[in-house]
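Have a look at the structure below, then the notes.
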Amino acid sequence: MPVNKGFTLTELLIAVAIVTITASFAYPSYVQYVQDANRSQAQQQLLETAAVIERIYSRNGGYPDADLMPNLPQSDLYSFAYIPLDKPNGAVGQYRNLSYRLTATPIAGKAQAADRCGVLSINHQGNQGANNNDCW
């Protein structure tokens, strides 16, 4: 009588079920990990840009106008923006803003679009913000 070698259909289905169940738990954790890593990178870019803006402030006595900030970070996942604020009435010159806000907005349709933190921001006082308070 010949000896059968290999797997039965039942054994194969059990193995596939185990792999499927394991993947259903692992994949959401992986997606969250990737989003956290991408968010950390955007936060680092915001902090680096804020440091550059503070150096500009120390040299010029004010924050620059928006048209003088062409070198904002580039990312496939976030759109970065510099918003100068509080320019006194009658102030003449390109470096007279008293405050600013930097933002990193997730790009729709990309991996970070579903991130729970949404728009990340930092201002001239170093105050950091996001849709959730525990994102920084």
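The values are calculated or read from the model by the stated rules, or taken from the named source; none is laboratory data. Not measured: the values here are computed from a predicted model. Cβ atoms come from the backbone with ideal geometry, glycine included; neighbour counts cover every protein chain shown.
Give the number of residues within the range 107-120 that are touching a residue at least 24 places away in the same chain (Cβ under 8 Å), touching a strand residue (DSSP E or B) at 6+ places or on another chain (Cβ under 6 Å) and not in a loop (DSSP other than H, G, I, E, B).
Number of matching residues: 2.
Hey, among Val52, Val34, Val3, which residue is touching a residue at least 60 places away in the same chain (Cβ under 8 Å) and surrounded by fewer than 15 Cβ atoms within 10 Å (Cβ to Cβ)?
Going through Val52, Val34, Val3 in turn, just one is touching a residue at least 60 places away in the same chain (Cβ under 8 Å) and surrounded by fewer than 15 Cβ atoms within 10 Å (Cβ to Cβ): Val34.
Restricting attention to the range 92-118, which residues are closer than 25 Å to Arg55 by Cβ and either touching a Gly at 6+ places or on another chain (Cβ under 8 Å) or β-branched (Val, Ile, Thr) (or both)?
Answer for the range 92-118, where residues must be closer than 25 Å to Arg55 by Cβ and either touching a Gly at 6+ places or on another chain (Cβ under 8 Å) or β-branched (Val, Ile, Thr) (or both): Val92, Gly93, Tyr95, Arg96, Asn97, Leu98, Thr103, Thr105.
For the range 81-96, check the following and say yes or no: at least one residue is among the β-branched types (Val, Ile, Thr), in a loop (DSSP other than H, G, I, E, B) and farther than 18 Å from Gln128 by Cβ.
yes
Quick one: would you say Arg39 is in contact with a Cys (Cβ under 8 Å, 6 or more places away or on another chain) and part of a helix (DSSP H, G or I)?
Values: in contact with a Cys (Cβ under 8 Å, 6 or more places away or on another chain): yes; part of a helix (DSSP H, G or I): yes.
For Arg39, the condition - in contact with a Cys (Cβ under 8 Å, 6 or more places away or on another chain) and part of a helix (DSSP H, G or I) - is met.
Look through Ser79, Ser75 and report the one residue that is within 22 Å of Val31 (Cβ to Cβ), modelled with pLDDT under 95 and small (Gly, Ala, Ser).
Testing whether each residue is within 22 Å of Val31 (Cβ to Cβ), modelled with pLDDT under 95 and small (Gly, Ala, Ser) leaves just Ser75.
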